[in-house]
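The values are calculated or read from the model by the stated rules, or taken from the named source; none is laboratory data. Fair warning: this is a prediction, and the values are worked out from it, not measured in the lab. Here the Cβ positions follow ideal geometry from the backbone for every residue, glycine too, while neighbour counts run over all protein chains shown.
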Amino acid sequence: MAQHFDYNSLSDEDYFPSWNNLPVFTLMHICFLAEIQQCDGFMRYRTLVKDSDGEVRVVAFYPDSYEGFDFGQLKRGHTLAIMNARQHQFGDGTYGVRVENMDDVCVFPAGLQTLRSLGSEAAIYAVDGESEQWKCHGCDAVKPHGQMSRCGQCKTYAYCSKECQAKGWTEKGHKSGCKVLRGSNFLSLLKLDFMEGPEEEPFSFQQG
């Protein structure tokens with residue numbers, strides 16, 4: 001099984017810019033990734049996040065409805081992903097991102113650097129039903145998919161034995177990575193054609 005070279009790299013500044021590099025206008029998709037430092041749910045949900053440049057900015061939410069999105073996910077150490085974010089100056093003089101459409105938002109239960117590493121790892125080990133050969137996340141062996149078993153939780157990585165699955169879970173960090181891979185949002189972000197842009201290919205995160 002070959003590496004998924006068509007997967008996006010979360011370190012690609014063109015697709016995943018830091019706050020200072022968020023474009024005023026662009027025809028392509030972009031996604032702002034930043035690690036949550038603090039969350040205040042009093043009156044209105046407002047978070048402090050740190051981006052890939054180490055800049056701490058405000059993200060404040062102004063949705064028409066608070067239903068459908070689990071604001072309990074906004075925890076310190078998790079990574080906030082905001083599609084097509086723009087720079088914003090708030091009334092109190094602080095700078096950050098104003099969010100109105102919650103379908104543009106996803107919270108991944110991992111830190112930013114961990115998330116980037118997981119993206120690189122998924123490009124090597126993520127399996128699909130069309131491939132005849134799968135790569136074991138535990139020992140790196142490549143075998144026919146009929147001789148492999150997928151992770152029962154995320155269905156994304158495959159293993160050729162219980163020993164390899166135990167190794168992947170403990171030594172290779174799948175215990176934490178599995179939580180990110182269980183939903184469809186992470187792989188959808190890695191596979192998204194950013195160049196198509198929101199007009200050509202609208203993109204929304206799955207909620208719930």
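Considering only segment 117-147, state which residues are within 15 Å of His174 (Cβ to Cβ), in contact with a strand residue (DSSP E or B) (Cβ under 8 Å, 6 or more places away or on another chain) and of a type in the set (A, V, I, L, M).
Ile124, Val127
So, in segment 29-58, exactly how many residues are in a loop (DSSP other than H, G, I, E, B) and at pLDDT below 95?
Step one: list which residues in segment 29-58 are in a loop (DSSP other than H, G, I, E, B), which gives 29-30, 41-45, 51-55.
Now drop any that are not at pLDDT below 95, which leaves 41-45.
Matching residues across segment 29-58 total 5.
On the basis of being β-branched (Val, Ile, Thr) and within 30 Å of Pro17 (Cα to Cα), does Val142 make the cut?
No.
Could you check Arg46 against (1) loosely packed, with under 14 Cβ neighbours inside 10 Å; (2) charged (D, E, K, R); (3) more than 17 Å from the chain's Cα centre (by Cα) and say which number it fails?
(1)
Say we look at segment 150-177 and pick out the residues that are crowded, with 17+ Cβ neighbours inside 10 Å and assigned to a helix (DSSP H, G or I); which of these is nearest to the chain's Cα centre (by Cα)?
The selected residue is Gly177.
Would you be able to tell me the number of residues in segment 113-149 that are farther than 28 Å from Tyr15 by Cβ and part of a strand (DSSP E or B)?
Residues meeting the conditions: 6.
Can Arg76 be described as surrounded by 12 or more Cβ atoms within 10 Å (Cβ to Cβ), part of a strand (DSSP E or B), among the basic types (Lys, Arg) and out of contact with any Pro (no Cβ under 8 Å at 6 or more places or on another chain)? Step through it out loud before you land on a result.
Values: surrounded by 12 or more Cβ atoms within 10 Å (Cβ to Cβ): yes; part of a strand (DSSP E or B): no; among the basic types (Lys, Arg): yes; out of contact with any Pro (no Cβ under 8 Å at 6 or more places or on another chain): yes.
The answer is no for Arg76.
Working only within segment 112-132, note down all residues that are farther than 29 Å from Ser149 by Cβ and buried (at least 16 other Cβ atoms within 10 Å of the Cβ).
Leu112
Identify the single condition in (1) without any contact (Cβ under 8 Å) to a residue 24 or more places away in the chain; (2) of a type outside the set (Asp, Glu); (3) not in a loop (DSSP other than H, G, I, E, B) that Gly91 does not satisfy, given that it satisfies every other one.
Against the list (1) without any contact (Cβ under 8 Å) to a residue 24 or more places away in the chain; (2) of a type outside the set (Asp, Glu); (3) not in a loop (DSSP other than H, G, I, E, B), Gly91 comes up short only on (3).
Give the residue, chosen from Cys106, Cys136, that is crowded, with 16+ Cβ neighbours inside 10 Å and in the same structural domain as Glu55 (by TED's automatic domain parsing). Before you say what the answer is, go through the steps one by one.
Details: Cys136 fails: in the same structural domain as Glu55 (by TED's automatic domain parsing).
Answer to the selection: Cys106.
Scan segment 40-64 for residues that are out of contact with any helix residue (DSSP H, G or I) (no Cβ under 8 Å at 6 or more places or on another chain) and either free of Cβ contacts under 8 Å to residues at least 12 places away in the same chain or under 25 Å from Gln113 (Cβ atoms) (or both) and report the count.
12
Does segment 88-99 contain any residue that is over 21 Å from Pro202 (Cα atoms) and aliphatic (A, V, I, L, M)? Break it down stepwise before answering.
Applying the first criterion (over 21 Å from Pro202 (Cα atoms)) to segment 88-99 yields 88-96.
Imposing the further condition that a residue be aliphatic (A, V, I, L, M) reduces the set to none.
Among the residues of segment 88-99, not one is over 21 Å from Pro202 (Cα atoms) and aliphatic (A, V, I, L, M), which makes the answer no.
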